[in-house]
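Notes for the one structure printed next.
Each reported figure results from applying straightforward, stated rules to the coordinates on display, with no laboratory input. In this text the structure is predicted, and so the values were computed from the model without any measurement. Methodologically, a virtual Cβ is constructed for each residue, glycine included, from the backbone with ideal geometry; neighbour enumeration extends over all protein chains shown.
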Amino acid sequence: MKLSREEVVHIAALCRLGLSEEELERFQEQLSNILDNFDILQQVDTSDVPPTAYPIPLENVVREDEVAPSSPQSDILANAPRQEEGYFRVRAVLE
Amino acid sequence: MNRYDLTIHQAHQLLKKREVSALELTKAVLEHIAQVEKKVHAFVTVTQDEALRQAAQADERIKSDDLTPLTGVPALIKDNMCTRGIATTCSSRMLKNFVPPYDATVVVKLRDAGMVMVGKGNMDEFAMGSSNEHSAFFITANPWDLARVPGGSSGGPAVAVATGEAIYALGSDTGGSIRQPAGFCNIAGLKPTYGRVSRFGLVAFASSLDQIGPMTRDVADSALVMNVIAGYDPKDSTSVNYPVPDYTKSLIPDLKGLKLGVPKEYFVEGMQDGVRQAMRTAIAKLEELGATVDWEVSLPHTKYALAAYYIIAPSEAMANLARYDGVKYGFSYEGKNMWDAMEKTRGYGFGPEVKRRIILGTYALSAGYYDAYYLKAQKVRTLIRREFEEAFERYDALITPTSPTVPFKIGERVDDPLQMYLSDVCTLPINIAGIPGLSVPAGFCDGLPVGMQILGKPFSEEVLFRIGYAYEQATGWGERRPQLEKGGKETGDLERG
């Protein structure tokens, strides 16, 4: 099953990935090829088979809502590309 | 023997008896790194000052008899595990300058045991790859033949252990990334049962598949490292609260009473004859050691594992990599506005393989395709798990090759993603099922290492260790070292074992 260029553009927008023209073309071909290989899964009868999300017998792992020490602000901001007065400086979300 | 060629247990004996100091051992390793790195490029960062300081601290502990088997022993940590104050790059432009404010749980555990960390290991970017060619920084070369790949994504750690640039290493494995490079470099590599070792501080690739594990010169060393890193961690909600046994008690040199199965689907079409032959010889040796072997086991769903993996892993990856947006850390492109900044940050920060997988995953999860791809793959995953469960009711362990071929040449598969994905066809099903897998050296083909993979049911690492240990003691394959001075070609053959 072949991916169209529009589909690749659409998916790239969904995951916010800026792609060059060359990448769009190359990925379109490589990914179509890869996706062709996934058709084999349609051969498998999975009616009445539950999906597996995690291969361990754990569910809803929670803890008591107790306050504990967290990281100091300086640690958290140490890798910030832009910061101001103890905040991460971000681009305007709304124009 | 050169000090950097010691195993953990050998080094521990010498350190305990004060025949060598941690400082001397560490200096020997650091000098060796300086010699050898220009040929293999296994390290992203060499932490020389740190290592010398830790070695001095280890020597203090040794003086007061407060040492563990890992105290004072130099180790390499794959560069996707957070180390406080030391760059953790995942071999990606995206995290080139990222310095974590915390240590991964496994790093904390090793530090408490007295580890000397000599550096961070080169890898395929964000652990996505099978050859270390997808590192954004440089390619790591296989010391057995410098024109060939060491495997991936834990290529740096595998090479460091093979050459003596570290006595042991920690790698991570999502689809084979510990076992395949271990097999390609003639060392032992264990992917523990999913949930056995904490993932806290491991940069996430695929959350239901990732595991950290030891990469070592022999099985006894693997057991020593597992004794330290395994165990419940409240910071990892997927870590399982089962007690950790003393894994060194499982090092029994015979296999009497063990029932082993050989699933024929792992002897794929396209497998190299020399690898097939090495495997037959190896499995015959297991019979000699006392195991009963059924050569005709069949796991018919094996052929669906590649497709299931390459839907599930990229889908989980696209979610895990959504955080790299240039806002709180990592590479950040200025851009014209918020969305442009994010798109360009991700476009420039990620390499091609990472981008390919993000797109694949996004597609598999998108409206209209979710049922046919992601949900279907998850159901096939249940069938693959059940098939292993049933097999382990009849057999104590299953034996397969680690890879269908010996290490391939650098550049041979990097432009053909599907060919590259096929390198992991023997290792992927193990992550899908969440079971443990150990790769041990099993001989050579054309002078290049062949690995044998040992599989068991969940939390059966002790059985894997017993089989690996017995085999290794009887054959000695893992004792061979690559001859780097001669350009790295090992001219061994199958005569031993």
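Tell me, in nm to one decimal, what length is gained between residue B:419 and residue B:348 on full extension, where the rule is 0.36 nm per residue of separation less the Cα-Cα distance?
Working: separation 71, 0.36 × 71 = 25.56 nm, distance 2.54 nm.
Net length gain for the segment: 23.0 nm.
Can you classify chain A as rounded, prolate or oblate using the Cα gyration tensor, where a ≥ b ≥ c are the square roots of its eigenvalues, rounded means a/c under 1.5, and otherwise it's prolate if a/b beats b/c and oblate if not? Note, shape of chain A comes out oblate. Couplings for region B:391-405, taken from phi via the Karplus curve 6.51 cos²θ - 1.76 cosθ + 1.60 with θ = phi - 60°, read 4, 6, 7, 9, 10, 6, 7, 10, 10, 9, x, 7, 8, x, 9 Hz in order; Gly and Pro are left as x. Two numbers describe the Cα atoms of region B:71-181: Rg and Dmax, which are 13.1, 39 Å. Normalised by the number of residues in region A:1-43, the mean separation of alpha-carbon contacts (under 8 Å, six or more apart) gives a relative contact order of 56 percent.
Under the definition of Cα pairs under 8 Å and six or more residues apart, what whole-number percent is the relative contact order of region B:40-97? Provide the component values of the computation, followed by the final result.
Numbers: 31 pairs, mean separation 13.2, N = 58.
Averaging sequence separation for qualifying contacts and normalising by length gives 23 percent for region B:40-97.
Summarised in one figure, the compactness ratio Rg/Rh of region B:115-264, Cα atoms and Kirkwood Rh, is 0.98. Distance distribution note for region B:250-312: the fraction of Cα pairs above 14 angstrom is 67%. Here the Debye sum runs over all C-alpha atoms of chain B as equal scatterers in vacuum, and log10 of I(q)/I(0) at q = 0.06, 0.08, 0.10 Å⁻¹ comes out as -0.24, -0.43, -0.69. With R₀ set to 45 Å, the beta-carbon distance separating residue B:303 from residue B:2 gives a calculated FRET efficiency near 0.50.
Can you figure out the FRET efficiency of residue B:84 with residue B:366, using R₀ = 56 Å and their beta-carbon distance, to the nearest 0.05? That gives a FRET efficiency of 0.90.
Rounded to the nearest whole Hz, the Karplus-based 3J(HN,Hα) values (6.51 cos²θ - 1.76 cosθ + 1.60, θ = phi - 60°) of region A:43-51 follow the sequence 5, 7, 7, 10, 5, 6, 9, x, x, with x at glycine and proline. The protein assembly as shown gives an Rg/Rh value of 0.96, both radii derived from C-alpha positions and Rh following Kirkwood. Packing, taken as the mean count of other beta carbons within 10 Å per residue, orders the peptides A:86-94, B:186-194 from highest to lowest as B:186-194, A:86-94.
For residue B:135, the residues whose amide H sits under 5 Å from its own are B:125, ignoring neighbours fewer than 5 places away on the same chain, with H placed 1.01 Å from N. Look at the dipole of chain B built from charges on Cβ: of B:348, B:289, B:162, the Cα furthest out on the positive end belongs to B:348. With both labels modelled 7 Å from their Cα along Cα-to-Cβ, the residue A:80 to residue A:6 distance reads 4.3 nm. For the pair residue A:62 and residue A:37, label points projected 7 Å from Cα toward Cβ lie 4.3 nm apart. Counting Cβ atoms of other protein chains within 10 Å of each residue's Cβ and taking the mean over peptide B:353-362 gives 5.
Backbone phi angles across region B:56-68, fed through the Karplus curve with coefficients 6.51, -1.76 and 1.60 (θ = phi - 60°), yield HN-Hα couplings of 4, 4, 4, 4, 4, 4, 5, 4, 9, 6, 9, 10, 10 Hz in residue order; Gly and Pro are listed as x. Taking only the C-alpha atoms of region A:1-43, the Rg (one decimal) and the largest Cα-Cα distance, Dmax (whole number), read 11.3, 36 Å. Checking every one of the GluC sites (Glu not before Pro) in region B:193-293 against DSSP loop status and a limit of 13 other Cβ atoms within 10 Å picks out B:269. Sequence-distant contacts, meaning Cα pairs under 8 Å at least 6 residues apart, place the relative contact order of chain B at 17 percent.
Return B:281, B:45 ranked ascending by Cβ neighbour count within 10 Å, so the fewest neighbours appear first. If you can, show how the numbers build up before the last one.
Details: B:281 15, B:45 19.
So the residues, fewest neighbours to most, are B:281, B:45.
Once both labels are positioned 7 Å from their Cα atoms along Cα-to-Cβ, the gap between residue B:65 and residue B:268 label points is 5.5 nm. This ranking places B:124, B:246 by how few other beta-carbon atoms lie within 10 Å of each, fewest first, which gives B:246, B:124. Counting neighbouring beta carbons within 10 Å and listing from fewest to most, the residues B:285, B:303, B:249 come out as B:249, B:303, B:285. Taken residue by residue and averaged, Cβ atoms of other chains lying within 10 Å of the Cβ of A:87-94 number 3.
How well do other chains shield peptide B:367-376, expressed as the mean number of their Cβ atoms within 10 Å of each residue Cβ? Mind dumping the intermediate values first?
Values: counts 1, 0, 3, 0, 0, 5, 3, 1, 2, 7.
Counting other chains' Cβ atoms within 10 Å and averaging over B:367-376 gives 2.
Per-residue ellipticity at 222 nm for chain B, helices alone: DSSP H runs ≥ 4 residues times -39500 (n - 2.57), over residue total, nearest 500 deg cm²/dmol? Result for chain B: -11500 deg cm²/dmol, rounded to the nearest 500. The P(r) of region B:215-272 has a tail past 13 Å containing 75 percent of all C-alpha pairs.
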